[in-house]
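Take a look at the structure below.
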Amino acid sequence: MEKYVIKGGVPLDGEVTIAGAKNAALGILAAAILTDDEVIIENVPYVEDTKVLLRAIEALGATVKYIDLHTVSICGGTIKKDADLCVDDEYIRKIRASYYLLGSMLGKFKYAQVALPGGCDIGLRPIDQHIKGFEALGAKVDIVSGGKVVAKADNLIGNHVYMDVVTVGATINIMMAAVLAEGKTTIENAAKEPHIVDVANFLNSMGANIKGAGTDVIRIRGVQRLYGTEYSIIPDQIEAGTFMTMAVATKGNILVKNLIPKHMEAVSSKLSEIGATVIEYDDSIRVMADGRMRSTQIKTLPYPGFPTDMQPQMAATLALSVGNSIITESIFENRFKYVNELSRMGARIKVEGNSAIITGVEKYTGANLVAPDLRAGAALVIAALAADGFSTVEDIKYILRGYEDFDGKIRSLGGNIEIVDDDRETQKFKLRVG
Ligand code: UD1
């Protein structure tokens, strides 16, 4: 089984280029089948989640081609209306974003059948708001045996939808179902994440009429049809934040390139607050840290608040700071599973309800670790890079879901990390890096 082997203690130094946003890509790839024309999407991150979703889109009957590693052509015109629209469970259960095929298939054919979504185990993650939105547009939604969601409608008709919780997935899904519906749909209490705006911009570039994305009221006027387009995905805010915290935890100096500084404000301001030097340029940010940082308090919130997807990486960083920090997780209820692993490295963290109370320690000691999910996995890699001695991180399949060439990028910053398959390779790595 592949795992990372890491020798920590080296301050990471250099430049890293951020890939396209995974979470925007998942919405955009699914939305691409709404038109029968060819759509070309650039800056698609080459990660497991996008590869799996593209396989599922292909299994539906769409024509999917990689033009190069990061450019994908999708033609939804080859999906037959009477084709079996049941997405193959094997692919789809692996990723949570499979639920986007519900919105896009429902929007296109007024019929969708998709296996219930998988993804990271970070809490209950219900889809009631997605269902509420589809039903408001006139669809009948059933969960049938075998764990499938079936949504069908004679006609989708625009309506007013109020989201009881701010949800990224349901906001995107309802936008996709509504763009070809009759009349006007209003989504109130919509999520405002950068990838919501990116999916809306993409749909508009196909001829949709969506206004207000990025605010909490999104207005969609249904159009008759959508057309082919060429579109480039925004940079990945969470990958960027991961490297920014990595700079701080390893007391390094990293220029994080190809990002949108505005999207990073919550992370940048917390890193500045604890004492890191954060310098913003047009499309990059330099993060430097010299010595131990100060403590702080963080509460995860929907955008523009502090992202839940940066919570574990920030915890790994704060656990090395001076003093007591508190992180409150308000989005998902099961997102502290990395705490046990960090504790085995010497971290002092106590979880009480939805808060982690962190007492900073001077250093971590290398340990054999297991990644519990995607972002927690990234946090463990950060901790291992900051630790004294060797660590291993198992279950890297989670990390590969969302980070493109994670180990390669870290090596280019001077970090000692490699993917190994067995003990012999681990020994070779240890001999080589000393
Ligand atoms: C997306 C991101 C994920 C990120 C999360 C929050 C993708 C593929 N994933 O996940 O990386 O951590 O946003 O920024 O983009 N909820 C309900 N009912 C619903 C839907 C959600 O109660 O129908 C709740 C969830 O349990 C959670 C909160 O709403 O407590 C936010 O979830 P949501 O924004 O939908 O997260 P995802 O779209 O699953």
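Looking only at the stretch 376-388, which residues are within 20 Å of D13 (Cβ to Cβ) and either in a loop (DSSP other than H, G, I, E, B) or in contact with a helix residue (DSSP H, G or I) (Cβ under 6 Å, 6 or more places away or on another chain) (or both)? A378, I382, A383, A386, A387, listed by residue number.
Can you name every residue in the stretch 39-51 that is at pLDDT below 95 and open to solvent by less than 10 Å² (accessible area, probe 1.4 Å)? Passing the criteria: only D49.
Of the set (1) β-branched (V, I, T); (2) part of a loop (DSSP other than H, G, I, E, B); (3) open to solvent by less than 10 Å² (accessible area, probe 1.4 Å), all apply to I399 but (2). Among the residues that make up the stretch 233-247, is at least one of them among the aromatic types (F, W, Y) and more than 30 Å from V161 (Cβ to Cβ)? Within the stretch 233-247, one or more residues are among the aromatic types (F, W, Y) and more than 30 Å from V161 (Cβ to Cβ). Can you tell me which residues in the stretch 9-59 are within 20 Å of Q113 (Cα to Cα) and basic (K, R)? If the condition is that a residue be within 20 Å of Q113 (Cα to Cα) and basic (K, R), then R55 is the only one that fits. Per this entry, I279 is counted among residues that are surrounded by fewer than 21 Cβ atoms within 10 Å (Cβ to Cβ) and free of Cβ contacts under 8 Å to residues at least 12 places away in the same chain.
The stretch 114-228 holds strands (runs of 3 or more DSSP E) entirely within its bounds, and those carrying 1 or more residues that are within 15 Å of the ligand (Cβ to nearest atom) map to 140-144, 148-152, 160-162, 184-188, 217-221.
Answer with yes or no whether S295 is over 23 Å from the mean Cα position of the chain (by Cα), surrounded by fewer than 16 Cβ atoms within 10 Å (Cβ to Cβ) and among the polar types (S, T, N, Q). Considered against the rule, which asks whether it is over 23 Å from the mean Cα position of the chain (by Cα), surrounded by fewer than 16 Cβ atoms within 10 Å (Cβ to Cβ) and among the polar types (S, T, N, Q), S295 comes out as no.
Taken over the stretch 127-155, residues that are within 20 Å of G27 (Cα to Cα), free of Cβ contacts under 8 Å to residues at least 40 places away in the same chain and among the polar types (S, T, N, Q) amount to 0. Looking across the stretch 345-364, just one residue is open to solvent by 40 Å² or more (accessible area, probe 1.4 Å), out of contact with any strand residue (DSSP E or B) (no Cβ under 7 Å at 6 or more places or on another chain) and in contact (Cβ under 8 Å) with a residue 24 or more places away in the chain, and that is E362.
The values are calculated or read from the model by the stated rules, or taken from the named source; none is laboratory data. In this text, all values refer to a predicted model and were calculated from it rather than measured experimentally. Don't worry about glycine lacking a Cβ; one is built from the backbone with ideal geometry, like all the others, and counts go over all protein chains shown. Calculation scope for accessible area: heavy atoms of the full protein, side chains included, ligands and nucleic acids excluded. Shrake-Rupley method; radii C 1.70, N 1.55, O 1.52, S 1.80 Å.
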